[in-house]
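Chemist: Quick one: this structure, given as structure tokens, is what I'll be asking you about.
Values in this text are rule-based calculations from the coordinates and carry no lab data. Keep in mind that what you see is a predicted model, and the values were worked out from it rather than measured. Methodologically, a virtual Cβ is constructed for each residue, glycine included, from the backbone with ideal geometry; neighbour enumeration extends over all protein chains shown.
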Amino acid sequence: MTVISSAFKEQHSGKTKHSSIIFGSLVILGAVVLAIIIISIFGPLVALAQQQPNITGFSANATATPTLGIPVIEEKGMVTGQRVVEVHPWPKIETSFVENDTIKGNISASEMGTYTSVMRPDGSLYGQGQGIITTKGGEVVTWTGQGIGHFMQDGKLRFHGSLFYSTNSTTGKLAFLNNMVGIFHYEVDTAGKTIANVWEWK
């Protein structure tokens, strides 16, 4: 009986070990198969995500602002008059000015314009204006524009904004200004002297 019992135990132990080996092999095989499935599903998604642009900012090759380059129009002049248009709900002031323009570096022109400035709760100004540019040759260009202004520590008022040009000239020196959109920088100091630059938005 002892011999039979021992033999049975050895046989049972052998089966148990064999079953454990098979079970372990199945677990390993299952893990390998699962890993292959995960890689096949998520691998392409990871690669695709790495190819996408960074949506939280611009990529190295992207640009958020236009290249301004050399101003198309350079202006210097004086404020010729101001008047209060209204005071409620916020002060609104009308300003007129005249300027001497240099266009494309070698075209001389005269300009006059008028704009209104409305003070906003945060101390900034919202401006809207219109004006005329003329040359000695008789060409006429008109513009309308708008911008945001701020008072600087030295007392100057500085505006940045956009201008929209129009002219009937088709062959003259200023024909290129027709339908041009400009980006401008405008300053006026405490003495009423003005200076401005206009770049073409391309």
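Chemist: Taking θ = phi - 60°, what integer Hz values does the Karplus form 6.51 cos²θ - 1.76 cosθ + 1.60 yield along the stretch 115-131, in sequence order, with x for Gly and Pro?
Modeler: 9, 10, 10, 10, 6, 9, x, 7, x, 7, 10, 10, x, 9, x, 7, x
Chemist: What are the ³J(HN,Hα) couplings of the stretch 79-89, residue after residue, when phi is run through the Karplus curve with 6.51, -1.76, 1.60 and θ = phi - 60°? Round to Hz, x for glycine and proline.
Modeler: Once rounded to whole Hz, the list reads 6, 9, x, 9, 8, 7, 8, 7, 10, 10, x.
Chemist: What FRET efficiency, computed as 1/(1 + (r/R0)^6) with R0 = 30 Å and r the Cβ-Cβ distance, is obtained for Thr170 and Ser108, rounded to the nearest 0.05?
Modeler: 0.90
Chemist: Also, I was wondering about something else. Please report, largest first and rounded to whole Å, the three semi-axes of the ellipsoid equivalent to the stretch 143-202, where each semi-axis is the square root of five times an eigenvalue of the C-alpha gyration tensor. Working shown, then result.
Modeler: Numbers: eigenvalues 152, 27, 13 Å².
After scaling each eigenvalue by five and taking roots: 28, 12, 8 Å.
Chemist: Leu68 to Gln130: extension gain in nm, 0.36 nm per residue of separation minus the Cα-Cα distance?
Modeler: 20.1 nm
Chemist: While we're on this one: Compute the semi-axes of the equivalent ellipsoid of the stretch 75-178, taking the square root of 5 times each eigenvalue of the Cα gyration tensor, and list them largest first in whole Å.
Modeler: 29, 14, 12
Chemist: Among Ile132, Ile103, which comes first, then next, by fewest other beta-carbon atoms within 10 Å? Don't jump to the answer; show the numbers that get you there.
Modeler: Working: Ile132 14, Ile103 22.
Exposure proxy ranking, most exposed first: Ile132, Ile103.
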